[in-house]
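A short worksheet on the structure shown next.
The values are calculated or read from the model by the stated rules, or taken from the named source; none is laboratory data. Here the structure is a predicted model, which means the values were calculated and not measured. Cβ placement follows ideal geometry from the backbone for every residue including glycine, while neighbour counts extend to all protein chains displayed.
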Amino acid sequence: MATSKTLSTSAPETEQGTHVFRIVGYSQQTGLGKPIRSGKFSVGGHKWVAFLHPVVAKFPNGIDEHHLVAGVAMGPKSAKARASCKLRLINQRTGLPFSVHKAAPREFSHDNARSSYDHFQINRSVLEAPPVLQDDCITMEWTITVIKQPRIPEVKSFPKIEVPPSDIVLHFAKLLEEKEGVDITFSVGGKNIGAHKMVLAIRSPVFKAELYGPMREEGTEPIVVKDVQPDVFRALLHFIYTDSLPPLEDLEEDDRNEIIRHLLVAADRYAMERLKLMCQSILCENLSVQTVATTLALADQHHCDMLKDACIEFMACSSVMDAVEATQGYKNLKRTCPSAVVEALEKISRFRKG
């Protein structure tokens, strides 16, 4: 059965930018009591501004707590954006990050003051002490990651490696055809036919017993096979080597059915159960007024119960039985297998009553 597997991946597009905001003369600027702003910078097609703003929290007990709010805001005239931000406070002595603050992705919109910025509250004692504050300078490094809508994913065929169908049957058919390594010969109807003992033994318990069992006769070749036609024996070997019937399309229907009947007998003789069922199936599909009695006799002799029931059911048709009784096959059936006729008539009677 042909199958297909495709793959598509949906992932958001991101654009990231970093802005270094250096504040020189920090003490002088914070003394003004206003936010300290960076210049405008662009990330992801939007304008942004970083800021630092002193905040004094007044409590009822009269104690004031001083903090600094460091944040990033979306500039005016910018559309909505989804973004995350990260702040690094830089060690003035080494140039390396001293502390890092991260915020999860959120919606930014300049239309709404509350959603236009994101911020971190930083304790003043941390910011205004070495190594963050050095020579009255502070360096902040802002990284903005703008998350864009994912593009419609492209559908691709999932990678696969084609494995060709098994060709073992071709190799075994070639082995039979070319006769290479033949180590056994049969005489069938006066004709010698070669084969390979091991292959026959693997496929048929009867051949295994004859060729390797205690009753085998050493040195008696060719082995004479009686009551089997050469063409039927070749068809049997073809099935043993390929697990399929040989081509029979060129034969007339009567000749083909005759070969199948003889092949069923051979399959029963050599305990080839699958071949026996295949022959029964073909004979069942080709039942007719002229063949049903002969096929019933064959099924009775070789214990083909399903084929036997199919013949009886065919004969049970009221418009058929009279015609069947007039055939030579039915007359032969009454003479050679009277018990089968009785059984058939009894079942036919039950079918009609039912």
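If you go through segment 314-330 and keep only what is surrounded by fewer than 14 Cβ atoms within 10 Å (Cβ to Cβ) and touching a residue at least 24 places away in the same chain (Cβ under 8 Å), you end up with just S318.
Give the residue that is modelled with the highest pLDDT, with candidates limited to residues of segment 201-233 that are hydroxyl-bearing (S, T, Y) and over 15 Å from D268 (Cβ atoms).
Y212
The residues listed here are D250, D254; of these, the one that is under 43 Å from the mean Cα position of the chain (by Cα) and more than 26 Å from L200 (Cβ to Cβ) is D250.
Could you identify the single residue in V49, V100, V20 that is more than 30 Å from K156 (Cα to Cα) and either at pLDDT below 90 or in a loop (DSSP other than H, G, I, E, B) (or both)? Criteria check complete, one pass: V100. Would you point out the residue of segment 145-162, among those that are charged (D, E, K, R) and closer than 10 Å to P12 by Cβ, that is surrounded by the fewest Cβ atoms within 10 Å (Cβ to Cβ)? By that ranking, first place goes to R151.
Checking each residue in segment 258-300 for being over 17 Å from V320 (Cβ atoms), among the hydroxyl-bearing types (S, T, Y) and in a loop (DSSP other than H, G, I, E, B) picks out only Y270.
Answer yes if at least one residue in segment 166-177 is assigned to a helix (DSSP H, G or I) and at pLDDT below 90, and no otherwise.
Looking through segment 166-177, none of the residues is assigned to a helix (DSSP H, G or I) and at pLDDT below 90.
Inspect all residues belonging to segment 239-261 and state whether any of them is β-branched (V, I, T), in contact with a Leu (Cβ under 9 Å, 6 or more places away or on another chain), outside the structural domain of A316 (by TED's automatic domain parsing) and within 30 Å of K331 (Cβ to Cβ). The answer is yes; a qualifying residue exists. Can you work out which of the residues in segment 21-37 that are within 20 Å of M74 (Cβ to Cβ) and without any contact (Cβ under 8 Å) to a residue 60 or more places away in the chain is nearest to the chain's Cα centre (by Cα)? Among them, the one singled out is R37.
Being at pLDDT 90 or above, within 18 Å of L236 (Cα to Cα) and surrounded by 17 or more Cβ atoms within 10 Å (Cβ to Cβ) is a property that holds for C279. Look at segment 117-145: where a residue is over 14 Å from F51 (Cβ atoms) and free of Cβ contacts under 8 Å to residues at least 60 places away in the same chain and a partner is among the polar types (S, T, N, Q) and part of a strand (DSSP E or B), sitting 6+ places away or on another chain with Cβ atoms under 8 Å, you get V126/S99; V132/S99.
Scanning segment 169-189 for residues that are exposed (fewer than 14 other Cβ atoms within 10 Å of the Cβ) and out of contact with any helix residue (DSSP H, G or I) (no Cβ under 8 Å at 6 or more places or on another chain) turns up L170, H171, K174, E177, E178, K179, E180, T185. For residues that are more than 53 Å from the chain's Cα centre (by Cα) and part of a loop (DSSP other than H, G, I, E, B), scanning just segment 301-353, find the one that is farthest from K276 (Cα to Cα). Out of the qualifying residues, it is A326.
Taken together, the residues in segment 158-205 that are without any contact (Cβ under 8 Å) to a residue 60 or more places away in the chain and among the basic types (K, R) amount to 4. Within segment 206-213, is even one residue assigned to a helix (DSSP H, G or I), closer than 28 Å to N286 by Cβ and without any contact (Cβ under 8 Å) to a residue 24 or more places away in the chain? The answer is no, given that none of the residues of segment 206-213 is assigned to a helix (DSSP H, G or I), closer than 28 Å to N286 by Cβ and without any contact (Cβ under 8 Å) to a residue 24 or more places away in the chain.
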